[in-house]
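So the structure is just underneath, and the comments pick up after that.
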Amino acid sequence: MARLLISGASGLVGKIALWHALDDARVDQVVSLGRRPLPIQHPKLEQRIVDFAAPLSALGNFDAACCALGTTMRVAGSQAAFRAVDHGAVLAFARAAKAAGVRRFALVSSVGADAASGNFYLAVKGEAERDLADMSFPALTILRPGLIIGARAERRPLEKLAQKLAPFFDPLLQGQWRRYRSISAQDVALALLNGALQDNPGGILEHDAIRRLARL
């Protein structure tokens with residue numbers, strides 16, 4: 001039985017991962033770290049309200065961690081605010097998890113993430129991956145999904161249009177381009193949880209590998 005930390009549980013993927021964790025026999029306790037309370041109550045769940053921009057207090061002892069933290073440039077409002085979430089908050093959570101004894105860490109990143117990218121979004125995602133890898137978790141799973149299909153709470157008109165078009169364009173993406181195919185939030189969430197709960201080296205997983213991990 002594992003004690004699990006999770007962050008980003010108010011978002012599309014994190015919310016699904018949280019519900020699966022609460023229903024998973026492998027999980028004994030879930031502690032969610034976030035800036036505001038979730039409208040969820042469950043005997044396994046403890047919520048802690050935190051400010052990722054400030055040093056986090058000691059969390060106790062945990063076995064695994066799932067990180068689904070992330071925002072968009074539109075929601076963040078500036079590059080600095082975006083970086084504060086997708087790099088700063090992710091690394092703050094990872095440092096707290098490491099201090100809590102977490103050995104298995106799983107992160108939702110993005111297809112194309114690369115610290116050397118000329119695209120700001122992908123560069124920040126890549127920097128977060130690089131700095132997380134430097135923390136030397138015994139098992140680190142990084143998911144790089146393409147377009148995530150699911151109903152989000154916030155309004156994203158361009159993403160909604162892309163989701164409608166995805167069934168027509170996905171079959172055209174073959175070979176090395178398959179990694180850019182859309183993928184369901186359910187698959188990403190299940191892969192995130194399975195990645196955190198399995199004793200394996202993890203690694204960087206893209207579309208097909210994410211779907212396989214979701215089905216274990």
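Quick notes on this structure:
- If you look at the Cα atoms of the stretch 1-146, you get an Rg and a Dmax of 14.5, 46 Å.
- Heavy-atom accessible surface of the stretch 98-202, averaged per residue, reaches 50 Å², computed with a 1.4 Å probe.
- Between amide H atoms placed 1.01 Å from N, distances below 5 Å from Ile149 occur with Ile183, Ser184, Ala185, all of them 5 or more places distant or on a separate chain.
- Long pairs among Lys98/Lys160; Lys44/Lys164; Lys98/Lys125, criterion Cα-Cα beyond 25 Å: Lys98/Lys160; Lys44/Lys164
- Among Asn194, Asn61, Asn119, the largest mean-square fluctuation in a Gaussian network model of the chain, built with springs joining Cα atoms closer than 10 Å, belongs to Asn119.
- Gaussian network model of the chain, springs between alpha carbon atoms under 10 Å - residue of Ile16, Ile49, Ile148 with greatest fluctuation: Ile49
- For the chain, modelled as a GNM whose springs connect Cα atoms under 10 angstrom apart, the maximal fluctuation among Ala128, Ala76, Ala106 occurs at Ala76.
- Mean-position separation - Cα centroids, the stretch 188-213 and the stretch 37-76, in angstrom: 20
- Helix 157-169 and the long axis of the chain differ in direction by around 60°, with both axes built from C-alpha atoms.
- Per the Cα gyration tensor, the stretch 72-216 maps to an equivalent ellipsoid with semi-axes of 24, 20, 14 Å, ordered largest to smallest.
- Net dipole in debye of the chain [+1 Lys, Arg Cβ; -1 Asp, Glu Cβ; about Cα centre; nearest 20]: 420
- Distances between placed amide hydrogens fall under 5 Å for Thr141 paired with Phe105, Ala106, Leu107, Gly203, all partners being 5 or more residues away or on another chain.
- Phi angles of the stretch 124-130 translate, via the Karplus equation with coefficients 6.51, -1.76, 1.60 and θ = phi - 60°, into HN-Hα couplings of 5, 4, x, 5, 5, 4, 4 Hz per residue; Gly and Pro are given as x.
- Sorting the segments 22-28, 110-116 by their residues' average number of neighbouring beta-carbon atoms within 10 angstrom, most packed first, yields 110-116, 22-28.
- Degrees, to the nearest 10: 90-99 long Cα axis against longest axis of the chain: 30
- DSSP bridge pairs, the chain: antiparallel proportion in percent, nearest 5: 0
The values are calculated or read from the model by the stated rules, or taken from the named source; none is laboratory data. Computed from a prediction, not measured in an experiment: that's the story for all the values here. Neighbour counts are summed over all protein chains in view; Cβ atoms, including those assigned to glycine, are modelled from backbone coordinates with ideal geometry. The area values use the complete protein model at the heavy-atom level, side chains included, leaving out ligands, DNA and RNA. Shrake-Rupley method; radii C 1.70, N 1.55, O 1.52, S 1.80 Å.
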